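Enquirer: There's a structure below that I have some questions on.
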Amino acid sequence: MGRVFMYLSFDGSAYHGWQVQPNSSTVQEAVERALSTLFSHPVSITAAGRTDAGVSALMMPVHFDFSDDKDRARLDDGKHSFEEQLKYRLNRILPREIAVNNVLRVTNDAHARFSATSRTYRYYITEQKDPFRYKYRLQVPYSLDFPAMNKAAKTLLGTHDFDCFAKAHPDTKTSICTVTNAEWQKDEDREWHFEITANRFLRNMVRAIVGTLLDVGKGKMAPQDILTILDSRSRSEAGESVKGEALFLTNVTYPCDIFLRENVHGTIKAI
């Protein structure tokens, strides 16, 4: 028995989120269906997180276990490794919105979700109307005070209870998260992105944070009001959630020692 990490990228605008749901098309469902077709038996995968409807990923690590006797033998062509064949054959089966970018052998106790040490998201906005980017950008047809928004973003750094920025999460034991980076950066004329890195994220957390920071940028609240909102632990005190299609999971990091020596890479980072 062995375990692999697969690094996926996907266009989430075509799906109702990551997690399998009844009567809805999801990324997890599509990947598990492709794997089950390839190996001719049911295959379950575990992801680094659960993205909401519309949210995309440049890097989504998942893990699953395989049988050395049956599954490895099924892909053996005498020329390529199991990992190379898995990537090649899955990409031929998967829908065009989903791609396998890398496959790496890991220790049998490595876990795509619980072994992760950090996750990074980016949210993209534009101050101009663009018919070629509207799907993956939030159009903001007014000027924003980005210095004030970055001042507010700095108050998110550290360990806090982020319940005020989350949807109901009855299956989550704690709403405590540690944020190590939160910053607005300019990409080009009138286009910006917000990047945030934390050890974990709650459901809807990034989109609610962005909506709240936009309220700061519009002058509806002061940067220091973020601390008051955090202390309130009330979702109604924070700003509205922004659309999911402009949000991307860009990176997930892991300890190097979970990757087997036969791999060339240790911790993988999105480019």
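Enquirer: Between a first residue in the range 201-214 that is in contact (Cβ under 8 Å) with a residue 40 or more places away in the chain and a second residue that is part of a helix (DSSP H, G or I), which pairs have beta carbons less than 6 Å apart while being 6 or more apart in sequence or on different chains?
Expert: Final answer for the pair search is Met205/Phe165; Ala208/Phe165; Ile209/Phe165; Leu213/Met149; Leu213/Ala152.
Enquirer: Six or more apart or on different chains, Cβ atoms under 9 Å: show the pairs whose first residue is in the range 103-116 and within 13 Å of Ile45 (Cβ to Cβ) and among the hydrophobic types (A, V, I, L, M, F, W, C) and whose second is open to solvent by 40 Å² or more (accessible area, probe 1.4 Å) and assigned to a strand (DSSP E or B).
Expert: Note: pairs meeting the criteria are Ala112/Thr46.
Enquirer: Quick one: how many residues across the range 101-143 are within 20 Å of the chain's Cα centre (by Cα) and among the β-branched types (Val, Ile, Thr)?
Expert: Of the residues in that region, 4 qualify.
Matching residues to (1) among the aliphatic types (A, V, I, L, M); (2) within 30 Å of Ala166 (Cβ to Cβ):
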residue: Ser9; (1), (2): no, yes
residue: His16; (1), (2): no, yes
residue: Ser24; (1), (2): no, yes
residue: Arg89; (1), (2): no, no
residue: Leu94; (1), (2): yes, no
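Enquirer: Then there's this: How about the range 111-225: which strands (runs of 3 or more DSSP E) wholly inside it have at least 2 residues that are over 19 Å from Ala57 (Cα atoms)?
Expert: So the answer is 158-161, 176-188.
Enquirer: Here's another thing I want to ask about it. Looking at Phe146, Phe194 in this structure, which one is open to solvent by less than 60 Å² (accessible area, probe 1.4 Å) and within 19 Å of the chain's Cα centre (by Cα)?
Expert: Among Phe146, Phe194, only Phe194 is open to solvent by less than 60 Å² (accessible area, probe 1.4 Å) and within 19 Å of the chain's Cα centre (by Cα).
Enquirer: Counting only residues that are open to solvent by 20 Å² or more (accessible area, probe 1.4 Å) and either within 22 Å of the chain's Cα centre (by Cα) or farther than 12 Å from Lys167 by Cα (or both), how many does the range 236-249 have?
Expert: Residues meeting the conditions: 6.
Enquirer: Quick one: Leu35 ticks every box in (1) touching a Leu at 6+ places or on another chain (Cβ under 8 Å); (2) more than 16 Å from Ile98 (Cβ to Cβ) except a single one, so which number is it?
Expert: Of (1) touching a Leu at 6+ places or on another chain (Cβ under 8 Å); (2) more than 16 Å from Ile98 (Cβ to Cβ), only one is false for Leu35: (2).
Enquirer: Are there any pairs, at least 6 apart or on different chains, whose C-beta atoms fall under 8 Å, with the first in the range 251-266 and open to solvent by 80 Å² or more (accessible area, probe 1.4 Å) and the second at pLDDT below 65 and not in a helix (DSSP H, G or I), and if so, which?
Expert: Close Cβ pairs (under 8 Å, with a partner that is at pLDDT below 65 and not in a helix (DSSP H, G or I)) amount to Cys256/Gly266; Cys256/Thr267.
Enquirer: So, in the range 149-171, how many residues would count as being surrounded by 14 or more Cβ atoms within 10 Å (Cβ to Cβ) and over 19 Å from Thr228 (Cα atoms)?
Expert: 1
Enquirer: Go through the range 1-110 and tell me which helices (runs of 4 or more DSSP H), entirely inside it, have 1 or more residues that are open to solvent by less than 60 Å² (accessible area, probe 1.4 Å) and closer than 20 Å to Tyr121 by Cβ.
Expert: Once the helices (runs of 4 or more DSSP H) in the range 1-110 are filtered for at least 1 residues that are open to solvent by less than 60 Å² (accessible area, probe 1.4 Å) and closer than 20 Å to Tyr121 by Cβ, what remains is 27-39.
Enquirer: Need pairs with beta-carbon distance below 9 Å; first residue loosely packed, with under 11 Cβ neighbours inside 10 Å and within the range 172-189, second of a type outside the set (D, E, K, R) and not in a strand (DSSP E or B); sequence gap 6+ or separate chains.
Expert: Lys186/Phe146; Asp189/Gln128
Enquirer: Now a separate question. Taking into account only those residues within the range 150-182 that are β-branched (Val, Ile, Thr) and under 19 Å from the mean Cα position of the chain (by Cα), which is farthest from Met205 (Cα to Cα)?
Expert: In this case the residue turns out to be Thr180.
The values are calculated or read from the model by the stated rules, or taken from the named source; none is laboratory data. What you see is a predicted model, and the numbers here were worked out from it, not measured in a lab. All Cβ positions, glycine included, derive from the backbone under ideal geometry; neighbour counts span all protein chains shown. The area values use the complete protein model at the heavy-atom level, side chains included, leaving out ligands, DNA and RNA. Shrake-Rupley method; radii C 1.70, N 1.55, O 1.52, S 1.80 Å.
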